[in-house]
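The values are calculated or read from the model by the stated rules, or taken from the named source; none is laboratory data. Please read these numbers as outputs of a predicted model, since none were measured by experiment. So basically every Cβ, Gly included, is an ideal-geometry build from the backbone, and we count neighbours across all protein chains shown.
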Amino acid sequence: MQPASKIVIKHINTTSNNSYQLASRYNLMSETYKDEIVQHIIRNLLEIELLRILQTQPTWGYHIKKQVEEQFNIKLRHGALYPALKALETRGFLESKTQQKSGRARKVYSVTQEGKNYLQTYRNLIKEMLDEKTESTEAGH
């Protein structure tokens, strides 16, 4: 029969190891979920993301495509990008200017004041929704 101290130490080691395994599995799942959620957001809120990107600096379509692909690890098709840019421009949220670069013409997009207002309204709504959810959770609803 083992002394009680060895049994306790064995139990602590097993518990610590299980906790470590659970924490590792949780972190892995969190990262997996995080990537999945970010990709879902980008796909479903592409216009919001385009405004967010262009708010920091005017740029052209191909550069936006590469930025989204590198930053969020999703493939952004031209068939999704350019119609979204056109829709934002039609709504008055973006404006574009043709610039010459190395003998090539490219359309550079920038966010208008209306686009900035739209993006700020979106942020405010998300914040309100999250705050309401937090308040109702804290109240036990």
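Looking across segment 26-49, the residues that are touching a helix residue (DSSP H, G or I) at 6+ places or on another chain (Cβ under 6 Å) and at pLDDT 75 or above come down to V38, L46, E47, I48, E49.
Filtered by the rule that a residue be over 30 Å from G92 (Cα atoms) and acidic (D, E), segment 29-48 gives E31, D35, E36. The C-beta contact set for segment 27-53 (first residue within 16 Å of T121 (Cα to Cα), second residue assigned to a helix (DSSP H, G or I) and modelled with pLDDT under 75, distance under 8 angstrom, 6+ apart or interchain) comprises E49/I42.
A quick yes/no check of all residues on (1) of a type outside the set (V, I, T); (2) under 16 Å from L45 (Cα atoms); (3) within 22 Å of the chain's Cα centre (by Cα):
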site: S96; (1), (2), (3): yes, no, no
site: Q100; (1), (2), (3): yes, no, no
site: R104; (1), (2), (3): yes, no, no
site: G115; (1), (2), (3): yes, yes, yes
site: Y122; (1), (2), (3): yes, yes, yes
site: E128; (1), (2), (3): yes, no, yes
site: E132; (1), (2), (3): yes, no, yes
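Residues in segment 83-106: is at least one in contact with a Lys or Arg (Cβ under 6 Å, 6 or more places away or on another chain), of a type outside the set (A, V, I, L, M, F, W, C), farther than 14 Å from I53 by Cβ and surrounded by 14 or more Cβ atoms within 10 Å (Cβ to Cβ)? Scanning segment 83-106, I find at least one residue that is in contact with a Lys or Arg (Cβ under 6 Å, 6 or more places away or on another chain), of a type outside the set (A, V, I, L, M, F, W, C), farther than 14 Å from I53 by Cβ and surrounded by 14 or more Cβ atoms within 10 Å (Cβ to Cβ), so the answer is yes. Looking across segment 79-111, not a single residue is assigned to a helix (DSSP H, G or I) and touching a residue at least 60 places away in the same chain (Cβ under 8 Å).
Exactly one residue out of E132, E69, E114 is in contact (Cβ under 8 Å) with a residue 12 or more places away in the chain, charged (D, E, K, R) and surrounded by 10 or more Cβ atoms within 10 Å (Cβ to Cβ): that is E114.
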